[in-house]
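*Asks:* The structure that follows is given in the form of structure tokens.
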Amino acid sequence: MPRSKEFDREEVLIKAMMVFRDKGYQATSMQELVRRMGINRFSLYQTFKSKHALFVEALQAYYENVALPFFSKLRESDQGLRVLEATLMEMVSRIQTGESPNGCLLCNTMAERGAKKDKRTAAILARYLNRVENDFHAVLVRAKALKEIPGDVNVRERAKVLVAYSTGLLSLAKVLNERDIRESVHATVAALR
């Protein structure tokens with residue numbers, strides 16, 4: 001008779017997501033996953049099939065449960081540059097306060113694995129970058145309508161620049177002090193005006 005699973009799949013997936021975020025794909029061992037997820041190796045393989053399959057599922061869960069809700073305020077707010085600056089500072093704050101000390105699983109994956117390692121990871125990263133660009137674009141369109149930035153600014157190009165800046169900002173937040181980061185964010189937002 002087959003064993004029944006005695007754990008919440010979503011709960012252990014979130015635990016795996018945090019392990020991968022904190023250690024990276026390569027440095028995460030199966031033993032570490034078993035220990036931190038609180039399940040045995042048999043259950044891990046029976047449920048997720050492999051470390052790589054678990055990683056892809058954790059990456060998708062991070063995209064859906066962390067990244068999308070975080071950046072949604074850019075689309076949903078009625079503010080322009082103020083919400084943009086607040087969002088960039090919140091990204092930094094999550095790292096510097098210890099809420100998310102090792103940054104973003106998606107950005108860390110781009111740095112560690114790139115998009116060429118496998119098609120499933122590449123597809124998730126591409127969706128993430130596209131969505132973040134569209135969220136930055138939405139806030140810049142609103143800022144333009146609010147006359148916070150000049151009417152001749154190409155907001156699509158600026159949104160692409162903000163994607164690159166925000167991805168790098170997550171790395172900088174791990175090494176620079178808060179004052180330097182704050183100055184960088186202020187200067188970036190001021191350059192849009």
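*Asks:* At 37 °C and a viscosity of 0.692 mPa s, what translational diffusion coefficient does Stokes-Einstein give for the range 83-193, taking Rh as the Kirkwood radius over Cα pairs? Give it in µm²/s as a whole number.
*Replies:* Numbers: Rh = 14.8 Å.
D, rounded to a whole number, is 221 µm²/s.
*Asks:* Comparing Glu90, Glu178, Glu11, which has the greatest mean-square fluctuation in the GNM of the chain with Cα pairs linked when under 10 Å apart?
*Replies:* Of the options given, Glu11 has the highest mean-square fluctuation.
*Asks:* Relative to the longest principal Cα axis of the chain, at what angle does helix 155-172 sit, 0 to 90 degrees, rounded to 10?
*Replies:* Rounded to the nearest ten degrees, it is 50.
*Asks:* To continue, here is another question. Show me the ranking of peptides 151-160, 20-29 by mean Cβ neighbours inside 10 Å, starting with the highest.
*Replies:* Values: 151-160: 13.3, 20-29: 16.6.
Per-residue Cβ counts within 10 Å, averaged per peptide and sorted highest first, yield 20-29, 151-160.
*Asks:* Would you mind classifying the range 84-137 by shape? Square roots of the alpha carbon gyration tensor eigenvalues, ordered a ≥ b ≥ c; an a/c under 1.5 is rounded, otherwise it is prolate if a/b is larger than b/c and oblate if not. Walk me through the numbers before you get to the answer.
*Replies:* On the way: a/c = 3.74, a/b = 1.43, b/c = 2.61.
Oblate, since a/c reaches 1.5 and b/c is not below a/b.
*Asks:* Related question: Would you mind checking the pairs Lys119/Lys144; Lys15/Lys160; Lys73/Lys147 and listing those with alpha carbons more than 29 angstrom apart? Please list the in-between numbers first.
*Replies:* Details: Lys119/Lys144 37 Å; Lys15/Lys160 32 Å; Lys73/Lys147 20 Å.
Pairs exceeding the cut-off: Lys119/Lys144; Lys15/Lys160.
*Asks:* Would you rank Arg193, Arg127 by solvent-accessible area, highest first, keeping every protein chain in place and using a 1.4 Å probe?
*Replies:* Order by accessible area, largest first: Arg193, Arg127.
*Asks:* Would you compute the Debye intensity of the chain from its alpha-carbon atoms alone, equal scatterers and no solvent, and pass along log10 I(q)/I(0) at q = 0.08, 0.09, 0.12 Å⁻¹ to two decimals?
*Replies:* Once normalised to I(0) and log-transformed, intensities are -0.31, -0.39, -0.64.
*Asks:* Principal axis lengths of the range 152-193 from Cα atoms, whole Å, largest first?
*Replies:* Result for the range 152-193: principal-axis Cα extents of 35, 18, 5 Å.
*Asks:* Let me ask something else. I'd like the carbon and sulfur percentage of the solvent accessible area for the range 1-150, probe radius 1.4 Å, heavy atoms only, ligands and nucleic acids excluded. Can you show the working numbers first?
*Replies:* Working: 3910 of 7560 Å².
Answer for the range 1-150: carbon and sulfur cover 52 percent of the accessible area.
*Asks:* Shifting gears a bit: For every helix of n ≥ 4 consecutive DSSP H residues, a contribution of -39,500 (n - 2.57) applies; sum these over the chain, divide by its total residues, and give [θ] at 222 nm rounded to the nearest 500 deg cm²/dmol.
*Replies:* Details: 10 runs with 137 residues, N = 193.
That comes out to -23000 deg cm²/dmol.
*Asks:* Over the range 1-57, what relative contact order in percent results from Cα pairs under 8 Å that are six or more residues apart? Don't skip to the answer; put the middle values down first.
*Replies:* Values: 31 pairs, mean separation 21.8, N = 57.
Once normalised by length, the contact order is 38 percent.
*Asks:* Now a separate question. Could you give the accessible area per residue of the range 47-117, probe 1.4 Å, as a whole number in Å²? The partial results should precede the final answer.
*Replies:* Numbers: 3040 Å² over 71 residues.
I get 43 Å² per residue for this part.
The values are calculated or read from the model by the stated rules, or taken from the named source; none is laboratory data. Worth saying up front: this structure is predicted, and the values here are computed from it rather than measured. Reconstructed Cβ throughout: ideal geometry from the backbone, glycine too, with neighbour counts over all protein chains shown. What goes into the accessible areas is simple: the full protein's heavy atoms, side chains included, and nothing from ligands, DNA or RNA. Shrake-Rupley method; radii C 1.70, N 1.55, O 1.52, S 1.80 Å.
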